[in-house]
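Take a look at the structure set out below.
What follows draws every value from the coordinates through simple rules; no lab data is involved. Predicted model only: the values in this text are computed from it and were never measured. For neighbour counting, all protein chains shown are included, and Cβ atoms are generated from backbone atoms with ideal geometry for every residue, glycine included.
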Amino acid sequence: MSTLHRAGVVLAMLLASASAVPVIWAATPVAGPSYEQKLAWILRLEDQRMLRDPVQLPVAVPETEGKKKKKKSKAPDEAPPMTPDLVAMLKDPDARIRRRAALGAGRVRLAEAVGPLSALMASDPEPEVRQMAAFGLGLVGRADAAAALHTALNDQSPIVRGRAAEALGLIGDTAGAAAIGQMVQAYVKGGALATISADELGYPLSQETEAVRLGLYALVRLKAFDPMAAAILDAAGEPVSRWWPVAYALGRVQDPKAIPALRALVTGEGRYTRGFAARGLGSLKDAGASDLLKIVVGDVAREPGPAVEAVRALAEIGDPKALPVFLGLLRTPGVSSGIPVRSHPARSGADSRAVASCAATASSSRVSASARS
């Protein structure tokens, strides 16, 4: 057999074997929307206050006789293309998308989001996603989310519990105040505030500390002093911490029973603590705190911030005996003359004229000194 003949036989055998094996072409996977595309959808829907794009129904085109085309059948496992939908994105494989979609659904503030957000808060494996779902429910502000949020107060994650408390405060669910207070109390007793300095401004702190902060703010919104007191006051009624959110909460809860604790906080460590305590005493018009507030005003050269709050508190209390404090403050170098004039308790009469005259003199003296320098 010649070489050419043998080559022909081999080629024929190869062609025959190839035709016996069916060729399977790998399907080219269709890429879904990217992370950036989904994020763009979320931002747009959030801005437009929609949970999803409106459904666009196809326009029916009449077909002429004899030219009807066969409908293309869809493969049984072919998924419909993904479209912009915040509720659908709450089930996205990427936790970052689920978290951001939860925030978007909350900002849209439509009642339809309550069910999906509640389910996400109860079942998602990621605490960051669950806490954002709780926050989103608070933004929606619907009372029918309260039951799910009460359950979330027992979540394994402290930050989820804190966000659930915050949401109940935003909703105005007074029935949840006791449970929020118990949550705060448990973390305070566990040492969440033990090492926190009075003027600590860091964020975020430990999850337990943040849960305390969020719980206190929720109790402020609910005007629930008794659960707050059980959590942050000791048996003698003294604050267990001088961290400034404690003073803020006691001052904003608007309950006269907070006055003793605020008096304890208005002097001592923490400029922000003293400032918020002074503001609270002023809003409660506690005349008995005037002497303490005068002490704070007297420290204006070293700590002007708390002194300004104390001045305003004295003005709200309206104690005429505080007039010498205002006059002295006007003569203090470096203090704006506008603060005592706007804040002094003597709104009319001779006292008012005295303060205004003193302010004018002080201002003139400062202008002259500035010109000489």
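The table that follows gives values for the structure above.
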quantity: Exposure proxy order (Cβ contacts within 10 Å, fewest to most) of 195, 174, 273; calculated: 195, 174, 273
quantity: Order of 276, 225 - criterion: other Cβ atoms within 10 Å of each residue's Cβ, fewest first; calculated: 225, 276
quantity: Extension gain (nm, one decimal) between residue 301 and residue 255, 0.36 nm per residue minus Cα-Cα; calculated: 13.4 nm
quantity: Efficiency of FRET between residue 50 and residue 223 - r from beta-carbon atoms, R0 41 angstrom, step 0.05; calculated: 0.75
quantity: 14 Å beta-carbon shell around residue 210, net charge (K/R +1, D/E -1); calculated: -2
quantity: Ranked list, fewest to most other Cβ atoms within 10 Å of each Cβ, for 259, 232, 295; calculated: 295, 259, 232
quantity: Nearest-0.05 FRET efficiency for residue 157 and residue 238, computed from C-beta distance (R0 41 Å); calculated: 0.85
